[in-house]
Each structure stands twice: as structure tokens, then as C-alpha cells.
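So the structure is just underneath, and the comments pick up after that.
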């Protein structure tokens, strides 16, 4: 089968929620999926729903029908496969819906955090280009028409303004081209490579990615435990579902620690994802048999912290970029207006 593009997390959240609602209402899953297919007339999701319905009509399980489409992530498929075997499908679908909804919120916040500064930078480039190409030549023409020779200092200031203006315009254009290339790469699904490089340059991006990794790890563990996985199995396999290379390496280290010690608390400490107070929560949860509940709480907590940090980053970047634009534009204008002011004063 031709490789299909994976569904967006927001679509996964809606689909899992609809399937959970079908099971909760007491309608047989196949009948409910048939209803969804009929109600999806003239929508992009219709072929997918019909594909799932056709497979289930031939006796396939939900896991088999979803896997056959090639459009669902491995983690979701694995959780559904085990949930069907353990009779926890409704609960797992609800948890998966919440999980992918959190991922969708994070992706939207991350996209805004990237697109907004890029848009401001492009706008800065346009403003600077207009100043250099349209405004500065007007002042130069005024000086030429006046027929007055500028003093050495005035000429130096104006020439410096022209040189700086053209240099800044060239730099701004190059930055804008780079930003556009970044956005194109982002749309092509290269987020991980972009974020990995950005994290190596900007510490605040690295901290945001660590928070998101902590939320993902907690979600993976909590949902897997409800599906019927043992804590040992999921700790060893969690690395497959982590969002980036760095977090995968940490999760793999935790898996090895789990095999050696048999303690999930010890393994969670090895990831370095969680603050000391939350590590103590995990320790108490392990002793009292509430690991799944505590990891679910931590997933929500760290997801909220991730969103807050993204929003804070955007709010901090905006005034900085606006300040830079104001400084550059004002400097260019002053460089050409100061000589003119001197001429007007001399003429009065």
C-alpha cells in the first residue's frame, strides 16, 4: 500500500473522542462507525472512515482497520490493540483523545511562536527596504536641488546613514529569505530537525522542549498502564514515542535503569525530566500503586508549563523586535535629516 500521510493530532483527538462516545452510548462499534461514515458526506475524512468501515465489515478489529489505513501513529495503534484485548477500549480512547488534544495545543502554540516572530521580521525587512529605496533618495534629491555643499561632518553622517541603511536592508532581506525557508521546511514536516538545531543555540527553546518531553513521557506511561501494559514493558518501550532524539535517548536510559533496578521511580529520575518534588510524587505513587494517576497529573502539569513558556517567549520577542525596528528606522532617518536640519538652520 502507498504510504499515507499521518493524521494531524487534532483529527486524531476528534476521532478517538467519537469512537469513545459510540462505545459509551452502548452502540456496537461497527454500527457507530457506519453512522460516522454516513454523516461525513462531502468531507475530507469520508474516504478514511469508509476504509475503516469496510475493513470492520469484513471482520477486522478496530486496531486492524486503523492499521490498514497507514494514517495512524504507532503509539495509538499499540494502545488500541492492547485495550481491545483487555476490555478497556472506551477508557483508552478517551485518554488518547485527551493526549492528542494536548499535542495539538502544543503544536498550535509552537507554530504561533515561530510564525509570529518570522512575520515581524519580514515586516521589518519591508519597512527598512522602503526607507532605503524610497525615502532616502528623496532626501538626496532635496540636497542636490538646494545646490548647497554639505559640511564634512554632515556628509559623513549622511553617507554613514546610507551605508548602514543598505547594509541593514541586505541583512534583513537575507534573514527574511532564511525565515521563509524555515517556514517551508516546517510545513514539510522537518520540525524535529529545526527544533534540535534551535535548541542548541537558544537555551529557552531547549527548556521548552524538555517540558514537552516530560509531558509526553508521563502521558505515554499513564495511558499504557491503563491499556494493560506492565510498568516494566512500557518504561523499556517508551523511547519509541518520544518527540525528539534527545528525549528518546533519556527514555532509553530510563528503560535500562528499570531493567537493572526494577524501580520505576529510579528510572524516572534517570530521565531528568521531572523536578525533585515531582520525583517524590512518583516515588510515593509507586509505593501506593497509583503510578498511572500521578503520571496523568504530571502530563497535564507539564503540558500547561510548556504552553505558558511558549506564550512567554512570544510576548518577550515581540517588544525586542519592535524595538530593533524602531531603532534602525529612526537611525536611518536621523542620518539623512540631521544634515537637512543644519542646512535649514543656516538658511534662516
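Report yes if some residue within region 87-105 is out of contact with any helix residue (DSSP H, G or I) (no Cβ under 7 Å at 6 or more places or on another chain), assigned to a helix (DSSP H, G or I) and surrounded by fewer than 16 Cβ atoms within 10 Å (Cβ to Cβ); otherwise report no. No.
Which is part of a helix (DSSP H, G or I), surrounded by 16 or more Cβ atoms within 10 Å (Cβ to Cβ) and at pLDDT 75 or above, of 129, 54, 154? Only one candidate qualifies: 129.
Somewhere in region 22-39, is a residue within 29 Å of the chain's Cα centre (by Cα), assigned to a helix (DSSP H, G or I) and under 22 Å from residue 100 (Cα atoms)? No - not one qualifying residue is present in region 22-39.
Yes/no matrix, rows are residues, columns are (1) in a helix (DSSP H, G or I); (2) in contact with a helix residue (DSSP H, G or I) (Cβ under 6 Å, 6 or more places away or on another chain); (3) at pLDDT 80 or above; (4) exposed (fewer than 14 other Cβ atoms within 10 Å of the Cβ):
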residue: 268; (1), (2), (3), (4): yes, yes, yes, no
residue: 294; (1), (2), (3), (4): yes, yes, yes, no
residue: 304; (1), (2), (3), (4): yes, no, yes, no
residue: 311; (1), (2), (3), (4): yes, no, yes, yes
residue: 317; (1), (2), (3), (4): yes, yes, no, no
residue: 342; (1), (2), (3), (4): yes, yes, no, no
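Which of the residues that make up region 205-239 are under 22 Å from the mean Cα position of the chain (by Cα), closer than 19 Å to residue 253 by Cα and crowded, with 24+ Cβ neighbours inside 10 Å? Of everything in region 205-239, those that are under 22 Å from the mean Cα position of the chain (by Cα), closer than 19 Å to residue 253 by Cα and crowded, with 24+ Cβ neighbours inside 10 Å turn out to be 212, 214, 215, 216, 217, 218, 219, 220, 221, 238. Scoring residue 243 on the criteria (1) touching a residue at least 60 places away in the same chain (Cβ under 8 Å); (2) closer than 22 Å to residue 104 by Cβ; (3) outside any helix (DSSP H, G or I) leaves a single failure, condition (1).
Would you confirm, using the coordinates I've provided, whether residue 261 is surrounded by 21 or more Cβ atoms within 10 Å (Cβ to Cβ), modelled with pLDDT under 90 and more than 22 Å from the chain's Cα centre (by Cα)? For residue 261, the condition - surrounded by 21 or more Cβ atoms within 10 Å (Cβ to Cβ), modelled with pLDDT under 90 and more than 22 Å from the chain's Cα centre (by Cα) - is not met.
Among the residues of region 111-138, those identified as touching a residue at least 12 places away in the same chain (Cβ under 8 Å) and over 20 Å from residue 175 (Cα atoms) are 135, 136. Please go through region 271-291 and give me each residue that is under 13 Å from residue 217 (Cα atoms) and surrounded by fewer than 18 Cβ atoms within 10 Å (Cβ to Cβ), ordered by number. Selection gives 272 alone.
From the list 42, 108, the lone residue that is under 30 Å from residue 309 (Cα atoms) and either out of contact with any strand residue (DSSP E or B) (no Cβ under 8 Å at 6 or more places or on another chain) or part of a helix (DSSP H, G or I) (or both) is 108. Of all residues in region 75-83, none are within 30 Å of residue 325 (Cα to Cα), out of contact with any strand residue (DSSP E or B) (no Cβ under 8 Å at 6 or more places or on another chain), touching a residue at least 12 places away in the same chain (Cβ under 8 Å) and surrounded by 19 or more Cβ atoms within 10 Å (Cβ to Cβ). What are the residues in region 10-22 that are surrounded by fewer than 18 Cβ atoms within 10 Å (Cβ to Cβ) and either in contact (Cβ under 8 Å) with a residue 60 or more places away in the chain or closer than 14 Å to residue 57 by Cβ (or both), if any? Residues satisfying the conditions are 10, 14, 17. Taking residue 10 as the residue in question, decide whether it is part of a helix (DSSP H, G or I), modelled with pLDDT of 80 or more and within 14 Å of residue 90 (Cα to Cα). Judged against the criteria, residue 10 is not a match. Against the test of being within 17 Å of residue 215 (Cβ to Cβ) and assigned to a helix (DSSP H, G or I), the options 281, 259 yield a single qualifying residue, 281.
The values are calculated or read from the model by the stated rules, or taken from the named source; none is laboratory data. Remember, predicted model here, so these are calculated numbers, not experimental data. Because the Cβ atoms are built from the backbone with ideal geometry, glycine has one as well, and the counts that use them run over all protein chains shown.
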